[in-house]
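A.B. asks: Have a look at this one before I ask anything.
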Amino acid sequence: MHTDVLIIGSGIAGLAFAIKLAERKPNLHITLTTKADRFESNTKYAQGGIAAVMDNIRGSFESHIMDTLQAGKGFSNVKTVKLVVEKAPDRLRELIDWGTPFDKTSEGNWDYGREGGHSTARILHHKDQTGLAMEKALLKQLGKYSNIHFQTEWFATELAVQNNQCYGARFLNPQGKPILIRAKVTYLATGGSGQVFSKTTNPVIATGDGVAMASRAGATLQAMAFYQFHPTALAVKAQNPLFLITEALRGFGAHLINKKGERFLFRHHPDGELATRDVISRAIFREMQENHLHHLWLDCRHLDPKALKARFPTIVKECKRQGIDLFNEPIPVAPAAHYQCGGIKVNHQGKTTIHGLYANGECASTGLHGANRLASNSLLEAVVFAHEAAVSVCAAWNEMEQPVSLAESIEVISGRDEAPFLTVHELKNKLQKLMYTFYLNNTLEQPLTSLVMEMERVFLEVHDVCNRYQLTQALWEVKNMAETGRLILQDTLYE
């Protein structure tokens, strides 16, 4: 197959880029692929909102920049932070024009929320379903352009790269047949890798595919050690993914308590429940370890029930479904893998170190987040870099190389059996549990040597199974998870 622009991923990063490009270049053939349906992405599960300084009454660019830099622990790129924060109002107005229904007060002003690490309330939201509302608005806007073509349930396996030039990607189509899509520009918006860990808020499709593909193709990665755990995932049963309890609930006034009913966070940071996610997650892990607990609790009992139900209807509904009356009992919560702060290194136009290859969203590393993402900066980053990438592609389009013929380079290995389901399932579970334990031990500064050796054995086992059996989507995903896990481990230990 051939297309002008190939977009892999249908979250906010992919959809916004497609729309921006179609607006400017209506004659381009744009193909947007997704491994699931067009709705399934990390964007869909974003509850809290999107941070932006929409006026100079409630805040300033300087305060948003400073909050982002402080949350990033000194590892953020200052120029990137300034770019994203200062471009935010224009990008938010576009989202509003495209139909995103951000909440307003009864007086008609923006109903700003506040989350951890923010010095003021600057989060625009749609109740506790902001990501889903944005996804719907973007898909509706995208439907206006006849030059954007969706391919659902197409699983990307490898980037097609020769001489450091990307010419598209290889896929398994819905029937499992290998297909090469040639393209002048390839844009990775594949999301994160939360499924590398046994406890995550990420959907089951978040298996690190983009990072693994880019790494195999020779693209530069950075900051893979910086993986953010969200402090408050709903800790009931052995679910995957775990239901997210948005940070906005703590910004609304909910308290984190230990088994004695104490608000313990002030012992760890003066901001208490409004400290950054890394600080709170570490404090919860330590409290759990010292008291041999599997979770702590988020207390909403002192909040106004009517206001709580109006602002967080999804959380109220899910807690009720799980048998939890949050108006009269605290919610059990524990940290879970949430956001990949590092990834494929890109510049301010979203360009990777491979010509013709762009990346955006959670699979990319722009330098914005540093060691720890400030709450509600990720959706903002995605729309800002989608715009910058679209402008860059349009400006350079006529000078870009045409895709070469690569059909002969597709290697189809026949005659292999599919790996037994239990083999793939057990490998995946083993990897996830070890990676979660690694993160936990590293956070609590516990010994890692024996754990690292065991993880290396699992990585080799995955490699061996991939060499012996046919690479189905399920096995590709385990392969990508193992490669992403190894990148996280190596960056944590050696960088």
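A.B. asks: Per residue, how much accessible area does the chain show when a 1.4 Å probe rolls over the protein heavy atoms, in square angstrom?
C.D. replies: Normalised by residue count, the accessible surface of the chain is 41 Å².
A.B. asks: Pick out, from 387, 298, 145, the residue whose Cα sits farthest towards the positive end of the charge dipole of the chain, with +1 on the Cβ of Lys and Arg and -1 on the Cβ of Asp and Glu.
C.D. replies: Of 387, 298, 145, it is 298.
A.B. asks: So for the stretch 293-394, considering every pair of alpha-carbon atoms, how many percent are separated by more than 20 Å?
C.D. replies: Cα-Cα pairs of the stretch 293-394 separated by over 20 Å account for 57 percent.
A.B. asks: Take each complete run of DSSP H in the chain, measure how far its Cα atoms stretch along the helix's own axis, and keep only those covering 30 Å or more with mean Kyte-Doolittle hydropathy at least -0.5; list them.
C.D. replies: Answer set is 421-443, 473-494.
A.B. asks: How big is the Rg/Rh ratio for the stretch 160-304, C-alpha atoms only, Rh by Kirkwood, two decimals?
C.D. replies: 1.12
A.B. asks: If each Cα of the chain is one equal point scatterer, what is log10 of I(q)/I(0) from the Debye formula at q = 0.09 Å⁻¹?
C.D. replies: -0.59
A.B. asks: Run the helix sum for the chain: -39,500 (n - 2.57) per DSSP H stretch of 4+ residues, divided by residue count, reported at 222 nm to the nearest 500 deg cm²/dmol.
C.D. replies: It lands at -12000 deg cm²/dmol.
A.B. asks: Something else: With only Lys, Arg, Asp and Glu charged, each at its Cβ (+1 for the first two, -1 for the last two), find how big the charge dipole of the stretch 51-115 is about the Cα centre; round to the nearest 20 debye.
C.D. replies: Around 320 debye, computed over the stretch 51-115.
A.B. asks: Please give the peptides 86-98, 61-73 ranked by average Cβ packing (other Cβ atoms within 10 Å per residue), highest first, as a rough proxy for protection.
C.D. replies: 61-73, 86-98
A.B. asks: A further question on this structure: Between residue 425 and residue 446, what is 0.36 nm times their sequence separation minus the Cα-Cα distance? Round to one decimal in nm.
C.D. replies: 4.7 nm
A.B. asks: Then there's this: If each residue of separation counts as 0.36 nm, what is the full-extension length gain between residue 320 and residue 164 once their alpha-carbon separation is subtracted?
C.D. replies: Net length gain for the segment: 50.9 nm.
A.B. asks: Next question. Compare the peptides 172-184, 147-159 by average per-residue count of other Cβ atoms within 10 angstrom and give them in order, highest first.
C.D. replies: 147-159, 172-184
A.B. asks: Kirkwood hydrodynamic radius (Cα pairs, Å) of the stretch 222-313?
C.D. replies: After inverting the pairwise mean of 1/r, the radius is 14.3 Å.
A.B. asks: Going by Cα centres, the stretch 1-30 and the stretch 289-349 are how many Å apart?
C.D. replies: Rounded to whole Å, the Cα centres lie 34 Å apart.
A.B. asks: Computed FRET efficiency, Cβ-Cβ of residue 355 and residue 461, R0 25 Å: what is it to the nearest 0.05?
C.D. replies: Once the sixth-power term is evaluated, E becomes 0.10.
A.B. asks: Taking all protein chains as present, what is the carbon and sulfur share of the accessible area of the chain, in % to the nearest whole number, probe 1.4 Å?
C.D. replies: Roughly 49 percent of what the probe reaches on the chain is carbon or sulfur.
A.B. asks: Mind checking the alpha-carbon convex hull of the stretch 69-178 and giving the volume per residue in Å³?
C.D. replies: 205 Å³
A.B. asks: Strictly over 29 Å apart at the Cα level, which of 35/306; 144/309; 136/259; 20/82; 199/260 would you flag in this model?
C.D. replies: 35/306; 144/309; 136/259
A.B. asks: Moving on to the next point. So if I average 1/r over every pair of distinct C-alpha atoms in the stretch 431-473 and take the inverse, what Kirkwood radius in Å does that give?
C.D. replies: 11.5 Å
A.B. asks: Quick check: Cα centre of the stretch 89-140 to Cα centre of the stretch 470-489, how many Å?
C.D. replies: 35 Å
A.B. asks: Counting just the Cα atoms, what span does the stretch 141-225 cover along each of its three principal axes? Round to the nearest Å and put the largest first.
C.D. replies: Dimensions of the stretch 141-225 along the principal axes of its Cα atoms: 39, 34, 28 Å.
The values are calculated or read from the model by the stated rules, or taken from the named source; none is laboratory data. It should be emphasised that the depicted structure is a prediction, and the values quoted were computed from it without experimental measurement. Positions of Cβ are backbone-derived with ideal geometry, glycine not excepted, and every protein chain shown enters the neighbour counts. What goes into the accessible areas is simple: the full protein's heavy atoms, side chains included, and nothing from ligands, DNA or RNA. Shrake-Rupley method; radii C 1.70, N 1.55, O 1.52, S 1.80 Å.
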